[in-house]
Every structure is written in structure tokens, then in C-alpha cells.
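Right, one structure below, let's go through it.
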Amino acid sequence: YEAELDHLTAWQELVESRAPHLSPRLIWLQAFPPYQWGRYHEAQAWLEKALARYKELHHTDLALEAYLLDDFGAINAHLGDNRIALKYQESALDIRQGLLGEDHQDTAGSLNQVGIRYGALGDNRKALKYQQKALDILLRLEGEEHADTAAFLNNVGLAYGGLGDNRKALEYQEKALVIHQRLRGEGHPDTVSSLNNVGLTYGYLGDNRKALEYLKKAVDISQRLLGEDHPDTANYLNNIGAQYGELGDNRKALE
């Protein structure tokens, strides 16, 4: 997207007068680079613009509407508003269930996102219900050797962790990490996120040294991939600090 962003902008400007029905999709795509850079307010502005244009045109492309709603919810979650995120992502799920049925990858994706939001809001039982359903669908459709399967395994693990079952959480998260490493390699943000989650769960189980091993690996890769000025890098650094605090090394934690 970065390499062709100027072309995308020019295309979107051109279609406004010649093929306006394409406009919301092209505006939506311009949200992707700032989202990946961690500039969530900028991405949110593009999504708001895309949704407004979609409504102006009285669009009937329900698949596109679901994408817009789902992504708008995801960005609001990154900005800390999980209630608004849940509202939009539940709307996306309703559209996809009606349009695509249960046995579709996009429906599974929506179930997973709704589960994440419930987890963020503290309702881990509801989170597990949605995320297990999402995982079951994807395993039927794609099997284990798929990046989304790894992501859904990780999220089921997070729900178990939220319910206090950290051994079950670790079982799912380690399985997710192995799949990410096999499919994506070490130098990919999804693998880094998996390393972080496995590290945190070792910390919750009281093995802070093992936690540090995974978390340091995560932050080293994140610094190379995303740089210092990215929210994910900051998050991983903070998690390392917490583990040093648990080990009683508060100077290192503060650093």
C-alpha cells in the first residue's frame, strides 16, 4: 500500500466524478498505511470519511459495509474505546452472518473480533464463547496450517487466561506461536505478538525468567521491524519492565 499510495489517492479523486460507487472502498484503503504505522487517529479519520461517503451514496454493498464497520471498530479499540468498538463490530458480525452464513472466513473473523472486545471489557466467558466458535469454523475451513488459525488459537488462549486458567492459555498460545513461526518466520509482527503473549502467560504462571526470555525476543524483533516509535514496541518494553519488577529489580523495571 505504501508504494502505491499516491496512485491510490489519485484514483480515488478521479472516481468521485466518474464512478462514485468506488469511492468508499478507495477511501477505506487509504486508512491501511497509517493503521500499520500505528497512527490510529489518522486511520480513524479515513474510516469516518469512508463510512460517511458510503451513507451519502446510499450504497448497497453489504460486504464492504461490514469491512468498514469492522475496521472502524478495530481502530476505536486501539484508541481505547472498546464499547464503541464492540458496537461497530457486532454490526459487522450481524451483516456477515446474514450475508455469508456461519461457515465463512469473514464471519469467523467477526466472531473473533467481537470475542476480543468482550475480553477487553472483562467478560471473558463471553469472549471465550465467541472465540472458540470462530476457531472451530476456521479449523473446518482452513485447518491448522493457516495464519488466522494461529491468531484465533492465541485469542482463545487469552480468554482462558482472563478466566484464570493460565496453563490452558499457554497450551493454546504456544501452539499459535509454533504455527506463526512456521508460516511467517521470526521477522513478522504476528510472530512477535505471539512471543509477547507466551511470555506474559509464563509471567502469570510465576516463571518470570522464562517470561523475560520471550519478551526480550519480542521487543528485539519489534524494534527492528517497527522501530522505537511504534505503540507495539512501547507495549513490549512495558511488559519487560513489569517482569523485572516481579523479580525485584525495580531499577531495571523503571528503565
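The values are calculated or read from the model by the stated rules, or taken from the named source; none is laboratory data. Predicted model, so just to flag it, every value in this text is computed and none were measured. Every residue, glycine as well, gets a Cβ built from its backbone with ideal geometry; the counts of neighbours run over all protein chains shown. Remember, those area values only see protein heavy atoms, side chains included, never the ligands or the DNA or RNA. Shrake-Rupley method; radii C 1.70, N 1.55, O 1.52, S 1.80 Å.
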Looking at the range 140-169, which of the residues that are touching a Phe, Trp or Tyr at 6+ places or on another chain (Cβ under 7 Å) and farther than 15 Å from Asn112 by Cα is least open to solvent (accessible area, probe 1.4 Å)?
-> Ala169
Could you please let me know if Ala211 is of a type in the set (A, V, I, L, M, F, W, C), under 22 Å from Tyr40 (Cβ atoms) and at pLDDT 95 or above?
-> no
Could you grab the pairs with beta carbons closer than 7 Å, sequence gap of 6+ or different chains, first residue in the range 15-42 and open to solvent by 30 Å² or more (accessible area, probe 1.4 Å), second one of a type in the set (Gly, Ala, Ser)?
-> Glu16/Ser23; Tyr35/Ala43
Sole residue being in contact with a Leu (Cβ under 9 Å, 6 or more places away or on another chain), modelled with pLDDT of 95 or more and either open to solvent by 50 Å² or more (accessible area, probe 1.4 Å) or closer than 28 Å to Asp106 by Cβ (or both), chosen from Ile221, Ile179 | Ile179
Filter the range 71-119 for residues that are open to solvent by less than 30 Å² (accessible area, probe 1.4 Å) and of a type in the set (A, V, I, L, M, F, W, C) and give the result.
-> Phe72, Ala74, Ile75, Ala77, Ala85, Leu86, Ala92, Leu93, Ala108, Leu111, Val114
Return yes or no: is Ala77 among the small types (Gly, Ala, Ser), modelled with pLDDT of 95 or more and more than 30 Å from Arg125 (Cα to Cα)?
-> no
Select, from Leu51, Leu57, Leu68, Leu62, the only residue that is under 19 Å from Gln12 (Cβ atoms), open to solvent by 50 Å² or more (accessible area, probe 1.4 Å) and touching a residue at least 24 places away in the same chain (Cβ under 8 Å).
-> Leu57
In the set Leu226, Leu247, Leu237, the lone residue that is of a type in the set (A, V, I, L, M) and either in contact with a Lys or Arg (Cβ under 8 Å, 6 or more places away or on another chain) or over 21 Å from Trp37 (Cα atoms) (or both) is Leu247
